[in-house]
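**Q** Have a look at the structure that comes next, please.
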Amino acid sequence: MRVRRLIVMGVMVLTAVPAMALSPLGPPVSRLDAGQWQLGGWLSRSEQDIKLEFPTVEIEGNVFPKTSANLDGVELNTVWGQVAVGLASQRAEIFGRVGAVSIEQDWYESTDGALGVGGRVTMQAGKQVSWGIVGLVSVYTGDDNTALEIDIDEEPETIPVKAKIDATEIQVAMGPCWHPGNFMIYGGPCVTYFTGDVVFKSSGRRLSADIDAEADFGGYIGARLFFLQGGSVGAEYQRTTDAEFFGGHVIWTF
């Protein structure tokens, strides 16, 4: 019975895995000159449907079969700070990010750190329409302590749980960017690949599980408006098979 409680608590904690939040990508083409820098920030909200699977567990001679759970509409908020530098004028750039992902549920609250690195390459440049590809690798870590109230087999309990989560998310998108003047519109197909592992402990017991890696296909669209000397604001929307994302940003180029 205690093992069953541990598995259920693990499912509950895993709904807060922040790495399952989509991350903003930005345009698929580079608009920076060689040696030009860019600073900015993103604020976003995403909603994710998650399927979790635990392997067969054997504890104290008892075998507990593979357990799965479908979790719909998990909402996450993300804040990113970003710095980018141009490598080749209007052709290539790299960028790095540091941020935090938070989740608030009736039974769980968590804020975890995140790091990201990515790049953009313009494959075909035009006066008003250019084509390119953007990629991003994000690494998320979480080490949380919480107390969960669970009710299994009519036995309500409040039990402390410690969860350690490490996960990596890879996103790639490609497509056109229309830039006729002081604004741009971009978009195209995208794919997200997610993998990770989690270890959680409660009442002296420990259970670990791999988060199954799988590709999630979809598309995205964004817009950016340029103003003043190097400043810009914009918004982006992503939609994949299991997730939805909307975010806004402010960026300064110098």
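No value in this document is a laboratory result; all are computed from the given coordinates. Because the structure is a prediction, the values reported are computed rather than measured. For neighbour counting, all protein chains shown are included, and Cβ atoms are generated from backbone atoms with ideal geometry for every residue, glycine included.
**Q** Only counting other Cβ atoms within 10 Å, I'd like LEU228, LEU136, LEU87 sorted with the fewest neighbours first.
**A** Ranked by crowding around the Cβ, least crowded first: LEU228, LEU87, LEU136.
**Q** With each pseudo-label sitting 7 Å past Cα toward Cβ, what's the ASP33-ASP197 distance in nm, one decimal?
**A** Here the modelled spin labels are 4.8 nm apart.
**Q** Here is a follow-up. Which whole-Hz couplings ³J(HN,Hα) result when phi for each residue of the stretch 235-246 is put into the Karplus expression 6.51 cos²θ - 1.76 cosθ + 1.60, θ = phi - 60°, listed in order with x for Gly and Pro?
**A** With coefficients 6.51, -1.76 and 1.60, one gets 9, 8, 10, 10, 9, 10, 4, 10, 8, 9, 9, 9 Hz.
**Q** Calculate the spin-label point distance for VAL85 paired with VAL129, positioning each point 7 Å from the Cα along the beta-carbon direction, and give it in nanometres.
**A** With each label point 7 Å from Cα toward Cβ, the separation is 3.5 nm.
**Q** Another one. Name the long-range amide H neighbours of GLN90: under 5 Å, sequence gap of 5 or more, or other chain; modelled H, no Pro or chain starts.
**A** It is LEU32, ASP33, ALA34, by chain and number.
**Q** Just grab the label-to-label distance for ILE170 and PHE227, each label 7 Å out from Cα along the Cβ direction, in nm (one decimal).
**A** Result for the modelled spin labels: 3.9 nm.
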